[in-house]
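Here the structure comes first, spelled out in structure tokens, and everything after it is commentary.
The values are calculated or read from the model by the stated rules, or taken from the named source; none is laboratory data. These numbers were taken from a predicted model, which means no experiment stands behind them. Virtual Cβ from ideal backbone geometry, glycine too; neighbours counted across all protein chains shown.
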Amino acid sequence: MKKSILIQNGRVVDPAQAINKITNVYIEDGKICAITNASPNADIIINASGNIVCPGFIDIHMHEDDYDPKTDTVSRSMAESALHMGVTLDIGGNCGDNAFDPKHYLDVTDRDGAPVNLGLLAGHTYLREQIPNHNKYKAVDALALKTMTKACASLLDCGCLGISFGVKYVPGTTPEELSALASLCQKGDKLVASHVRQDLDEVFAAADELATVSQACGVRVQFSHIGSMGGYGQMPRLLENIKNYRAKGIDMLCDCYPYNAFSTGIGETTYDDGFLTRYQADYDSILIASGKYAGKRCTKEIFDELRATAPDTATVGYFMNDTDIETALLSPLVMIGSDGVRTSGMGHPRASGSFARFISDYIRPGKIELLEGINKMTAMVANRLHLPHKGNFLPGSDADVTIFDLENVRDCATYENGQIPAKGFSYVLIGGEIALQDDQIVNNRLGKSVRK
């Protein structure tokens, strides 16, 4: 049974109401009741002195945990990492990928509970892979596209928050294919997110393609993990282009994680022939993050072996530019998204550290003002997803709350061990119940599906 909670004497930061002051938050029956200077009686009193009290963080771009069809259960690895860094809502199904049928995945989440709340996008690549003899380098025929469109419409009707594309990973995707599926998001004004077609200097044409989809289909678009697409010297021009799109009425925004290295499978198109020339790098710029060579720098021999025999092997690519990543993270066009993903339990530290790292490296040293920084993780994201009861402390909103020590938050994960949890989080509440206290998970089943 849910109880009343009074969070006292913390610095309450709620960007949705431009609040940044020491006061109290009162919660009843899992909902925000009031931000108040009074101290009403409550079943539970949390002393938040010296801490920031803000809406729970929303990760707009992650990749949901694995689903096991044999046991009909979902892993909790990344969701628990999210909880450790103050996230209360994960948005999975990004880059065109779904771990399993999104409707069933959401149903299992509601049946079993989860460490954090979960919303899903319907993945274009997932839909494509249901087509017999799918080839990522080739276009689908008219019948296949009709089948995909029908399936996608059904997933949106079942509550998916939008559609995601991973066009770089599916080069055969045609503009007609993009438009046919993206147009479905007109209904309900849902979001179209895309890992765009190319990075480096080709990213400008890729951004143009996404803008064209937005304009032609009348939909809002999200440029996924802009740092890993334009973080090689292109960022100032790329952000200026997006600003110009918006001036023309094209609703495009972006997300970014605070790291200067990306992660992807060694068998993906990222590493197709010519990639070393494109990135002006050598094989040792790649760290193997899973499998038999985990923790080792790549060589040509390892690369050739894994591409041929273990294409799902996770890698970390050290190619990105620090200055470009900072430029993106400080832009008002960009919100925080971890792009968290793991392969066999291993992977990039961003799944464990993105939100903590943004606090420690950007908010704490004053690179970005506190209210603005929290906005990029809360209200800005909730508004983007059209979730009015998330990401704010308005009366009646869901009591998803993150309480953290600004001076001591830190990401602890490394590229060699990306699973080490973040530190400095005093409490995380989900639906008005305590999920984490003093960096320790106390209840990992409070999360439910978020559908629209």
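Quick notes
- Qualifying residue in region 116-132 (condition: in the same structural domain as Leu253 (by TED's automatic domain parsing), hydroxyl-bearing (Ser, Thr, Tyr) and in contact with a strand residue (DSSP E or B) (Cβ under 6 Å, 6 or more places away or on another chain)): yes
- Checking each residue in region 227-245 for being among the basic types (Lys, Arg) and either free of Cβ contacts under 8 Å to residues at least 40 places away in the same chain or surrounded by 18 or more Cβ atoms within 10 Å (Cβ to Cβ) (or both) picks out only Arg237.
- Residues of region 429-440 that are within 21 Å of the chain's Cα centre (by Cα) and assigned to a strand (DSSP E or B): Leu429, Ile430, Ala435, Leu436.
- Strands (runs of 3 or more DSSP E) contained entirely in region 1-90, each with at least 2 residues that are touching a Pro at 6+ places or on another chain (Cβ under 7 Å) and touching a residue at least 40 places away in the same chain (Cβ under 8 Å): 5-14, 31-36
- In region 231-267, the residues that are touching an Asp or Glu at 6+ places or on another chain (Cβ under 7 Å) and either of a type in the set (S, T, N, Q) or assigned to a helix (DSSP H, G or I) (or both): Gln234, Met235, Asn260
- Among the residues making up region 366-403, none is β-branched (Val, Ile, Thr), outside the structural domain of Gly188 (by TED's automatic domain parsing) and touching a Lys or Arg at 6+ places or on another chain (Cβ under 9 Å).
- Screening the candidates Gly295, Gly373 for the property of being out of contact with any Ser or Thr (no Cβ under 7 Å at 6 or more places or on another chain) and either at pLDDT below 95 or surrounded by fewer than 20 Cβ atoms within 10 Å (Cβ to Cβ) (or both) yields one hit, Gly295.
- Filtered by the rule that a residue be among the hydroxyl-bearing types (Ser, Thr, Tyr) and either at pLDDT below 95 or touching a Pro at 6+ places or on another chain (Cβ under 8 Å) (or both), region 130-165 gives a lone residue, Tyr137.
- Index of the failed condition, Cys412 passing every other in (1) part of a helix (DSSP H, G or I); (2) surrounded by fewer than 22 Cβ atoms within 10 Å (Cβ to Cβ): (1)
- Taking (1) aliphatic (A, V, I, L, M); (2) under 23 Å from Asn260 (Cβ atoms); (3) in the same structural domain as Gly162 (by TED's automatic domain parsing) in turn, Val409 satisfies each apart from (3).
- Within region 117-171, considering residues that are of a type in the set (Val, Ile, Thr) and touching a residue at least 40 places away in the same chain (Cβ under 8 Å), the one surrounded by the most Cβ atoms within 10 Å (Cβ to Cβ): Ile163
- All told, Asn408 falls short of being at pLDDT below 95 and over 17 Å from Leu89 (Cα atoms).
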